[in-house]
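Notes for the one structure printed next.
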Amino acid sequence: MVMSPELDRGTVLGDEAAARGHLARICFKTGPPTLTGVELEWTVHDAADPARPVDRERLRGALGRHRPVTLDPTSPADELRHGGAVTVEPGGQVEISAPPRPSVAALLAATEADVAELRALLDAAGLVLGPSGMDPWRPPRPVVETPRYRAMRGVFDRHGPAGRTMMYSTAGLQVCLDAGEPDQVAQRWAAAHAVGPPLLAAFATADRQAGRRTGWASARMAAWLAIEPARTRPVWSPGRADRDPAAAWADYALAAPLLCVRGDGPDWAPPEGVTFADWLAGALPRPPTTDDLEYHVSTLFPPVRPRGYLELRYLDAQPGREWTVPVAVLAALFADPATTRDALAAATPVADRWHAAARHGPAERALATVAATLFDLALAALPGLGLPAGRHDQTHRAIRRRRAAAERGHR
């Protein structure tokens, strides 16, 4: 696809060709794959009674100068000491977005320090971070209200209760990888999707909600998949493997219904069923701009989302320091083209088994077998990450434990 010329964020998009060009330019930035990033999200609980609701004011006080403007418009929203930005999601989940780094070792060390700082802030307020990808103690409940979140809830309510579960009760782990050189993008895009189901299964932690077993290994992913297929289904699948990534993403983004239309007032609810392509065709009173398109893309939630880099969104939050393991596994699988090629080949047979992964986790034999193969590939590639000796040995042991658990899961 030919990319459009540089456009100002407020440029009016006259037609689909302009929109497609802009998406290609901003969503698939190519170059040597050197950076790795991570976003960590947790539910937040009262330390003495984890089932007790935690309200907005308590979070605001606990986070101090790091509180986001969604909690306090006057906040400086300072980053944590090592650069992590703190945000708070609609159900009061707290997230750290770590700046990407060229060294995985530096990313892990800096992010661990920021997590420790966040834990100390919460501890002083009698709060703790949750251990899993789903709130195991409380039912869904709003904590933060914004025009975006109100519009989101209204759209998701048309499809049932899963939207509120996702908004208020789930916590994920996102790994961010470069798209790569132009001749690598298609393979990295495909592999980022294909390894999703087996790694989702292997790292599933969200089997309980509101004090009960859910019947899902990852009720978090089950909620995402049940919301609105046009917004949450995977962009790539083995049956569409020959599609150009930028063209496939543009098709997806333009066909997705609007989640909200920003305005000066509190009501951002969109007209029902209007897609971005419809907006380009004149469905709303004013034409969309590049800024509107970029905002629309932020309301799409597929398992892998291109944002200039590839954002892998399918993993559950992990307990304690265990978040470092899937980050290291994915960094190792994408550290060199040969390993990425082998990971894609191993995972393609199960690449469309998202629901099975969410439902059964490693109890699904095919998924567990592929996960074990991916762990073997990660172990072989791990020395290439250049981790310090102690970190390397610790990570090596952790991946081997995960591999053994995957094998046990399907017996």
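The values are calculated or read from the model by the stated rules, or taken from the named source; none is laboratory data. Keep in mind that this is a model prediction, so the values were computed, not measured. Positions of Cβ are backbone-derived with ideal geometry, glycine not excepted, and every protein chain shown enters the neighbour counts.
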For segment 76-101, name all the residues that are buried (at least 17 other Cβ atoms within 10 Å of the Cβ) and small (G, A, S).
A77, G84, A85, G91, G92, S97, A98
K29 fails exactly one of the following numbered conditions: (1) closer than 30 Å to M134 by Cβ; (2) surrounded by fewer than 17 Cβ atoms within 10 Å (Cβ to Cβ); (3) within 21 Å of the chain's Cα centre (by Cα); (4) among the charged types (D, E, K, R). What is the number of that condition?
(1)
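Would you check if A345 is farther than 27 Å from H396 by Cα, out of contact with any helix residue (DSSP H, G or I) (no Cβ under 7 Å at 6 or more places or on another chain) and of a type in the set (G, A, S)?
Numbers: farther than 27 Å from H396 by Cα: no; out of contact with any helix residue (DSSP H, G or I) (no Cβ under 7 Å at 6 or more places or on another chain): yes; of a type in the set (G, A, S): yes.
In short, no.
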From L374, L379, grab the single residue that is surrounded by fewer than 20 Cβ atoms within 10 Å (Cβ to Cβ) and either within 17 Å of S97 (Cα to Cα) or modelled with pLDDT of 95 or more (or both).
L379
When you check G37 against the structure, is it touching a helix residue (DSSP H, G or I) at 6+ places or on another chain (Cβ under 8 Å), within 20 Å of E145 (Cα to Cα) and among the small types (G, A, S), yes or no?
no
Unmet criterion (only one of (1) buried (at least 19 other Cβ atoms within 10 Å of the Cβ); (2) free of Cβ contacts under 8 Å to residues at least 12 places away in the same chain) for M134:
(2)
Subset of segment 297-310 that is in contact (Cβ under 8 Å) with a residue 40 or more places away in the chain and part of a loop (DSSP other than H, G, I, E, B) - its residue that is surrounded by the most Cβ atoms within 10 Å (Cβ to Cβ)
P303
Is there any pair with a first residue in segment 206-223 that is of a type in the set (K, R) and a second that is surrounded by 20 or more Cβ atoms within 10 Å (Cβ to Cβ) and part of a helix (DSSP H, G or I) whose Cβ atoms are under 9 Å apart and which are 6 or more apart or on different chains, and what are they?
R208/A219; R220/T165; R220/M166; R220/S169; R220/A358
Considering R397, R313, which residue is touching a residue at least 40 places away in the same chain (Cβ under 8 Å) and either of a type outside the set (F, W, Y) or not in a helix (DSSP H, G or I) (or both)?
R313
Residue within segment 105-119 that is within 20 Å of the chain's Cα centre (by Cα), closer than 28 Å to R231 by Cα and not acidic (D, E) present:
no
Pick out the one residue from D316, D336 that is within 28 Å of A109 (Cβ to Cβ) and either modelled with pLDDT under 95 or in contact with a Gly (Cβ under 6 Å, 6 or more places away or on another chain) (or both).
D316
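Tally time: how many residues in segment 96-139 are among the acidic types (D, E) and under 13 Å from G37 (Cβ atoms)?
Matching residues across segment 96-139 total 1.
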Being in contact (Cβ under 8 Å) with a residue 24 or more places away in the chain, under 29 Å from A162 (Cβ atoms), in a loop (DSSP other than H, G, I, E, B) and of a type in the set (A, V, I, L, M, F, W, C), is that true of even one residue in segment 318-333?
no
What residue, of A48, A19, is over 23 Å from the mean Cα position of the chain (by Cα) and either crowded, with 19+ Cβ neighbours inside 10 Å or on the phi > 0 side of the Ramachandran plot (or both)?
A19
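Yes/no matrix, rows are residues, columns are (1) part of a loop (DSSP other than H, G, I, E, B); (2) under 18 Å from the mean Cα position of the chain (by Cα):
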position: A190; (1), (2): no, yes
position: L199; (1), (2): no, yes
position: A223; (1), (2): no, yes
position: A226; (1), (2): no, yes
position: A230; (1), (2): no, yes
position: P234; (1), (2): yes, yes
position: R243; (1), (2): yes, no
position: A246; (1), (2): no, no
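Results for (1) within 18 Å of T232 (Cα to Cα); (2) of a type outside the set (A, V, I, L, M, F, W, C), shown as yes or no for each residue.
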| position | (1), (2) |
| --- | --- |
| P271 | no, yes |
| H296 | yes, yes |
| P337 | no, yes |
| A343 | no, no |
| D352 | yes, yes |
| H355 | yes, yes |
| P362 | no, yes |
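Listed here are the residues, each with its yes/no results for (1) over 21 Å from G172 (Cβ atoms); (2) polar (S, T, N, Q); (3) in a helix (DSSP H, G or I).
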{"position": "A335", "(1), (2), (3)": "yes, no, no"}
{"position": "R341", "(1), (2), (3)": "yes, no, yes"}
{"position": "A346", "(1), (2), (3)": "yes, no, yes"}
{"position": "P349", "(1), (2), (3)": "yes, no, yes"}
{"position": "P362", "(1), (2), (3)": "no, no, yes"}
{"position": "L367", "(1), (2), (3)": "no, no, yes"}
{"position": "A371", "(1), (2), (3)": "no, no, yes"}
{"position": "L374", "(1), (2), (3)": "no, no, yes"}
{"position": "L377", "(1), (2), (3)": "yes, no, yes"}
For the subset of segment 120-149 comprising residues that are more than 21 Å from the chain's Cα centre (by Cα) and assigned to a helix (DSSP H, G or I), which member is farthest from M221 (Cα to Cα)?
A124
Looking only at strands (runs of 3 or more DSSP E) that lie completely in segment 1-99, which have at least 1 residues being without any contact (Cβ under 8 Å) to a residue 40 or more places away in the chain?
85-88
Output for segment 258-296, where each listed residue is among the aliphatic types (A, V, I, L, M) and either surrounded by 19 or more Cβ atoms within 10 Å (Cβ to Cβ) or assigned to a loop (DSSP other than H, G, I, E, B) (or both)
L258, L259, V261, A269, V274, L280, A281, A283, L284, L293
